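**Student:** Structure provided below as structure tokens; questions to follow.
The values are calculated or read from the model by the stated rules, or taken from the named source; none is laboratory data. The structure displayed is predicted, hence computed values, not measured ones. Virtual Cβ from ideal backbone geometry, glycine too; neighbours counted across all protein chains shown. Just so you know, the surface numbers come from the protein's heavy atoms only, side chains and all, with ligands and any DNA or RNA stripped out. Shrake-Rupley method; radii C 1.70, N 1.55, O 1.52, S 1.80 Å.
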Amino acid sequence: MDYMSRTEQHAAFGFLIYYSIYILWTGSFIMPSYYISLIIFFSICPDFDAIVFFIRKRGKFKLDTEFQHHFSSIAHYPLLYIPFIISFVINIFLGSNPLISIIPVIGIYFGHFLFDTIACGDGIMWGKNPFRRKKYTPFINIYCNKTDGYHGKYWGARYRTTKISKIGNIAVFFCIIIFLFFQFSNITVINPLYPTYSRRHFYFNSIMFLLMMLFFGLKFTSKKWLQEPPEGRYSDYRIKERYINGLSEENRRLHLMKYSDLIENKNSHSNLSTPKNSNIINKT
């Protein structure tokens, strides 16, 4: 379960950002539990592509360097979720309740993709058109010195040593405290849309979800995953011909300049096994 070491942190950051907006918007510190369920769901939903990976591997969830869903999964292309932004803008102009329609926007973009951009070794392709499979854009990744180039459990083992991970764990504990406050508060919340709604309905489930995922995130990591992967640290989009050849001419030129050593090293190994030159070289 090491691959889930950040799921609870996505949920925590998404909730805390949305909760701040909720307080400013309503003036209330007590949030209905179905709001919490929605923000948690949308904060982690891009990672549901792990289920597809699990099915393709026929139930063998071996999350080594092969698990690179930020590169190959449509669920991790931010432009796919633009309709949620459009829906939110429409709701504002129509005068309906925007607190609901902003939940997917906050969860997906701020709870998930922003967090991946500043905490992952590869980052996110913010400009990737999800409907053009062979066309790619540059990855944006910051603050990733320890995790840059690692994937799967190799990434997870290193991520736990970062400041971002420690901040994320604090955020999770903070969320649990807030949920407990919601659970045992005597303040009555009346929602005009759902006047008979029980505000305690999902508080307990949310607490248990965060605690369970935090347990898996903090549990002992095998020393195997702290070693260098057999494929090498940067065996990802940086040297993938499909990615490089799918970049625009200018982005390809910049990519080849930045990762020239990695690509040359890959090509030299490839030439040892086959006399055929790399397609990357032919493209440049």
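**Student:** Taking the Cβ-Cβ separation of L254 and Q227 as r and a Förster radius of 45 Å, what is the calculated FRET efficiency to the nearest 0.05? Let's see the in-between values first.
**Tutor:** Numbers: r = 32 Å, r/R0 = 0.71.
My answer for the efficiency is 0.90.
**Student:** Ratio of Rg to Rh for region 1-142, alpha carbon only, Kirkwood? Intermediate results must be reported in sequence, preceding the final value.
**Tutor:** Details: Rg = 16.2 Å, Rh = 16.2 Å.
Rg/Rh for region 1-142 comes to 1.00.
**Student:** Next question. Beta carbons within 10 angstrom, averaged per residue: use that to sort the peptides 106-113, 175-182, highest first. The partial results should precede the final answer.
**Tutor:** On the way: 106-113: 24.2, 175-182: 18.2.
Highest to lowest by the protection proxy: 106-113, 175-182.
**Student:** Shifting gears a bit: Near the amide H of I140, under 5 Å away, which other amide H atoms are found, from residues 5 or more places off or on another chain, if H is placed in the peptide plane?
**Tutor:** For I140, the qualifying residues are I124, M125, W126.
**Student:** Could I ask something else about it? Between the DSSP loop rule and a limit of at most 13 other Cβ atoms within 10 Å, which trypsin sites (Lys or Arg not before Pro) in region 13-114 are left? Let's see the in-between values first.
**Tutor:** Working: sites: R56, K57, R58, K60, K62; in loops: K57, R58, K60, K62.
Answer in residue order: K57, R58, K60, K62.
**Student:** Cross-link list K153/K224; K135/K258; K219/K240: which exceed 21 angstrom alpha carbon to alpha carbon? It would help to have the intermediate numbers written out before the result.
**Tutor:** Numbers: K153/K224 9 Å; K135/K258 19 Å; K219/K240 33 Å.
Listed pairs above 21 Å: K219/K240.
**Student:** Extending each Cα 7 Å along its Cβ direction at F54 and F93, get the distance between those two points in nm, one decimal.
**Tutor:** Each label point is offset 7 Å from its Cα along the Cβ direction, giving 4.1 nm.
**Student:** Right, here's the next one. For region 1-152, what does the accessible surface come to per residue with a 1.4 Å probe? Please give it in Å². Display every interim value, and only then the final one.
**Tutor:** Values: 6880 Å² over 152 residues.
Computed with neighbouring chains in place, this is 45 Å² per residue.
**Student:** Another question, then. Grab the other residues whose beta carbon is less than 14 angstrom from that of V172, score K and R as +1, D and E as -1, and report the net. Don't skip to the end; give the middle numbers.
**Tutor:** On the way: positive: R6, R160, K166; negative: E8.
Summing Lys and Arg as +1 and Asp and Glu as -1 gives +2.
**Student:** While we're here: Starting from 0.36 nm per residue, how many nanometres of slack lie between F216 and S20 once their C-alpha separation is accounted for? All intermediate terms of the calculation are to be shown ahead of the outcome.
**Tutor:** Values: separation 196, 0.36 × 196 = 70.56 nm, distance 2.75 nm.
Roughly 67.8 nm would be gained on extension.
**Student:** For a test of the definition: using alpha carbon positions, the gyration tensor, and the 1.5 limit on a/c, classify region 79-151 as rounded, prolate or oblate.
**Tutor:** oblate
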